[in-house]
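Peer 1: Below you will find the structure I want to go over with you.
The values are calculated or read from the model by the stated rules, or taken from the named source; none is laboratory data. All values reported here derive from a predicted model rather than from experimental measurement. Neighbour counts are summed over all protein chains in view; Cβ atoms, including those assigned to glycine, are modelled from backbone coordinates with ideal geometry.
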Amino acid sequence: MPVFDFSNTPEPGVQSECTYTVFYTDKGNPSPEHPILVLDNKKRSWRHHSHGIFTNPIKRTSFEFQEEDGADQADILTIDARFTSLLKWLGENHILVCLSGENRPEGYAVYRIREMAFGGGTKLSAEDGFLQFMIERLLASPAPSAESVDEEADEDGDDMKLTSLQSITDFMNCAGRTLPDNIRLWARRNLAVARSHEVTPEERRHAQRALSIMMNIQWKNDYFESIDPVEARRILDEELYGMERVKQRIIETIIQINRTHTLPAYGLLLVGPAGTGKSQVAYAVARILKLPWTTLDMSSINDPEQLTGSSRIYANAKPGIIMEAFSMAGESNLVFIINELDKAAAGKGNGNPADVLLTLLDNLGFTDNYIECMIPTSGVYPIATANDKSQISAPLMSRFAVIDIPDYTPEEKKIIFSKFALPRVLSRMGMKPSECIVEGEALEAVVERYADTTGIRDLEQAAEHLAANALYQIEVNHVSEVVFDAASVRELL
């Protein structure tokens, strides 16, 4: 391969001509029909896989192909608005890439960019695979607005030097306006602190930790794609038996999302006795929404600081549970499952955790004391559970649509045990349905044994006990099947 000189840069004071126009899309899977960018191919057709660099010449924005017969350039005609900062970064640092594209009437449609080597330039990012990571993050980002792209074109980038924070610096430069404005400005301020020698090492460490947390979260917009109600109903029927009124309410929520393409203004509050499947409903909704989920157990939270984090003035400062949930999910759109909301008012003198929840539930943004930045919460969908709604404060109740979940009837418990609980246990133990049979009077005996308890947890434990006993008899007594009757069930349970 020929050796090329990548040292040509614009003369001071000379502005290179921008040859491309930007287009706006949220598509996450580039293809020749929906490319990342389009290059001019009127002069010649380009190969499916082509090597070269994005140039930063004096006159025009282009891509310099490294062909077998020498170097040749092609102007950039159009580009996905999310990638303008990344291509600028690739050009400024002379990073050799491989383009995958297809020659089409409108030009050479590039749908994949891979890092090949560094043709005499310096790799800025300290992380291997940074380019691939960056492209995946940009494809998962919403398109920036036309106004923000125009502002970015006129904005001078920071003159960053190589430091231990280089991968964060590179990410910020490449992400550009795909980051929310307040987070982008916050990141610049914290990056300045992390690089400063005029602050204490402790302050620099906290700033770098906060940057690492925030930059590893995918900041999404609040637009939701349509959800298939039929598929949603299938998931509900698969996860839950009965509960027709609950399922109807969830399908109504799905139809509302499909009409507005945003989450409802109110979350769901599931109220009912222990063991009636409230958490199972919440997990099913998260699965339908195709969102990551996290749980907040209010019974174990007695200090608001557990939710809001501690100030960086303390050496052992750290983010709160809510911020850690965003960090673990890796994105800003997620389902918060708030267990035992009726225990949220039990503070211990330092404030009320319920007041922190009100901030999260209002969808106006949440501020963690450690991060010190307003976190967008418009993509957060709260689902709370409670045993006694009379213990929940009126302000909290007003943030939810309440669904009462009654206990199961004896007939419903029979079906749940025989059709769901026992088959699930047998499958987990590697047993056939014919090896453990609980029918007729035996099934009546199981349900009768737990007639005074709420929910189905005891039924699930009974299924576990019976299946384990059947497996023991099969292995020790060398029988092919175990058929339980009412007497054996009562004796065993």
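Peer 1: Considering only the stretch 65-107, state which residues are more than 29 Å from the chain's Cα centre (by Cα) and part of a helix (DSSP H, G or I).
Peer 2: Gly91, Glu92 - these are the residues of the stretch 65-107 that are more than 29 Å from the chain's Cα centre (by Cα) and part of a helix (DSSP H, G or I).
Yes or no, residue by residue, for (1) touching a residue at least 60 places away in the same chain (Cβ under 8 Å); (2) assigned by TED's automatic domain parsing to the domain that holds Asp26; (3) of a type in the set (Val, Ile, Thr):
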| residue | (1), (2), (3) |
| --- | --- |
| Gly52 | no, yes, no |
| Phe63 | no, yes, no |
| Gln66 | yes, yes, no |
| Ala71 | yes, yes, no |
| Ile79 | no, yes, yes |
| Phe83 | no, yes, no |
| Gly91 | no, yes, no |
| His94 | yes, yes, no |
| Ser100 | no, yes, no |
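Peer 1: Given (1) among the small types (Gly, Ala, Ser); (2) loosely packed, with under 14 Cβ neighbours inside 10 Å; (3) assigned by TED's automatic domain parsing to the domain that holds Glu305, identify the lone condition not met by Gly440.
Peer 2: That leaves (3) as the condition not met.
Peer 1: Among the residues of the stretch 464-482, count how many are more than 15 Å from Glu444 (Cβ to Cβ) and either surrounded by 15 or more Cβ atoms within 10 Å (Cβ to Cβ) or within 47 Å of the chain's Cα centre (by Cα) (or both). Quick ask: steps written out before the conclusion?
Peer 2: Residues of the stretch 464-482 more than 15 Å from Glu444 (Cβ to Cβ): 464-465, 467-482.
Of the ones still in play, those that are also either surrounded by 15 or more Cβ atoms within 10 Å (Cβ to Cβ) or within 47 Å of the chain's Cα centre (by Cα) (or both) are 464-465, 467-475, 481-482.
Qualifying residue count for the region: 13.
Peer 1: Exactly one condition in (1) over 24 Å from Glu331 (Cα atoms); (2) surrounded by 14 or more Cβ atoms within 10 Å (Cβ to Cβ) is false for Val281; which is it?
Peer 2: So the condition that Val281 fails would be (1).
Peer 1: Return yes or no: is Pro376 over 19 Å from the mean Cα position of the chain (by Cα) and surrounded by 15 or more Cβ atoms within 10 Å (Cβ to Cβ)? Talk me through it step by step, then tell me what you get.
Peer 2: Details: over 19 Å from the mean Cα position of the chain (by Cα): no; surrounded by 15 or more Cβ atoms within 10 Å (Cβ to Cβ): yes.
No.
Peer 1: Now for a different question. What is the residue count in the stretch 184-217 for residues that are surrounded by fewer than 17 Cβ atoms within 10 Å (Cβ to Cβ), in contact (Cβ under 8 Å) with a residue 24 or more places away in the chain and among the polar types (S, T, N, Q)?
Peer 2: So the answer is 2.
Peer 1: Right, here's the next one. Working only within the stretch 429-463, note down all residues that are assigned to a loop (DSSP other than H, G, I, E, B) and under 25 Å from Ile405 (Cβ atoms). Steps first, please.
Peer 2: Residues of the stretch 429-463 that are assigned to a loop (DSSP other than H, G, I, E, B), as a first pass: 430-432, 439-440, 450-456.
If the condition is that a residue be assigned to a loop (DSSP other than H, G, I, E, B) and under 25 Å from Ile405 (Cβ atoms), then Tyr450, Ala451, Asp452, Thr453, Thr454, Gly455, Ile456 are the ones that fit.
Peer 1: Taking only the stretch 310-335 into account, find how many residues are within 12 Å of Val380 (Cα to Cα) and of a type in the set (Phe, Trp, Tyr). Walk me through how you get there before you give the answer.
Peer 2: Within the stretch 310-335, the subset within 12 Å of Val380 (Cα to Cα) is 322, 325-326, 329, 331-335.
Adding the requirement that they be of a type in the set (Phe, Trp, Tyr) leaves 326.
Result for the stretch 310-335: 1.
Peer 1: Further, regarding this structure: Would it be correct to say that Asn387 is surrounded by fewer than 21 Cβ atoms within 10 Å (Cβ to Cβ) and closer than 21 Å to Gln280 by Cβ? Break it down into steps so the answer makes sense when it comes.
Peer 2: Values: surrounded by fewer than 21 Cβ atoms within 10 Å (Cβ to Cβ): yes; closer than 21 Å to Gln280 by Cβ: yes.
Answer is yes for this residue.
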